[in-house]
Amino acid sequence: MNILISACLLGVNCRYDGSGTEIPELKELLSKYTLIPICPEQLGGLSTPRSPAEIKENKVISIDLNDVTYEFIKGAEETLKLAKLYNCKYAILKERSPSCGSGKVYDGTFSKTLVDGDGFAAKLLKEKGMEIIGETEIADFLKNY
Ligand code: SF4
């Protein structure tokens, strides 16, 4: 089974601050599934490192007040292309990210305040019927699939 996964969870240094953290379950995931790495923000044309950005009123605004909504939309669309190409039904995505977060994202004030909502890529994938698994849900996913 092919599963889409946020590249930063594989230890790829694609996060806004140039970091990435390998998840502890990586070996087990690789032994069971084919993981397809994606980074919607890079796929949308943003550089690494880049300014942190948060969602506010359906736009994505960086901490230095640049509107990067276009790049986030493009990144979500490119991510969907890969999901379709590889026939992925599941995506393991980094929690709380304005692209990859599912269920909870930061509120746009850069104060670490969480609100209900989805990142742009997670939202699009969900709309197309995919199931999103956050990194804290991987252990349960491995037990059940
Ligand atoms: Fe990770 Fe997603 Fe952010 Fe890329 S866009 S760094 S994959 S959380």
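FYI, it's all coordinate maths here, none of it is from the lab. All values derive from a computational prediction rather than experimental measurement. Glycine also receives a Cβ, built like all others from the backbone with ideal geometry; neighbour counts cover every protein chain displayed.
Listed values, structure above:
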quantity: For residue 56: the one exception among (1) more than 11 Å from the ligand (Cβ to nearest atom); (2) on the phi > 0 side of the Ramachandran plot; calculated: (2)
quantity: Residues that are over 19 Å from residue 128 (Cβ atoms), assigned to a loop (DSSP other than H, G, I, E, B) and away from the ligand (no atom under 12 Å from the Cβ), drawn from region 83-117; calculated: 107, 108, 109, 110, 111, 112, 113
quantity: Residues being touching a helix residue (DSSP H, G or I) at 6+ places or on another chain (Cβ under 8 Å) and not aliphatic (A, V, I, L, M) - total across region 20-57; calculated: 15
quantity: Top-ranked residue of region 118-143 - restricted to ones that are part of a loop (DSSP other than H, G, I, E, B) and more than 22 Å from residue 21 (Cβ to Cβ), ranked as farthest from the ligand (Cβ to nearest atom); calculated: 129
quantity: Qualifying residue in region 72-80 (condition: assigned to a helix (DSSP H, G or I) and farther than 19 Å from residue 5 by Cβ); calculated: yes
quantity: From the options 63, 3, residue that is within 20 Å of residue 129 (Cα to Cα) and either over 13 Å from the mean Cα position of the chain (by Cα) or surrounded by 13 or more Cβ atoms within 10 Å (Cβ to Cβ) (or both); calculated: 3
quantity: Answer residue from region 67-82, given it is surrounded by fewer than 14 Cβ atoms within 10 Å (Cβ to Cβ) and within 16 Å of the ligand (Cβ to nearest atom) and is nearest to residue 47 (Cα to Cα) among those; calculated: 70
quantity: Some residue of region 36-55 being surrounded by 15 or more Cβ atoms within 10 Å (Cβ to Cβ) and in contact with a Leu (Cβ under 7 Å, 6 or more places away or on another chain); calculated: yes
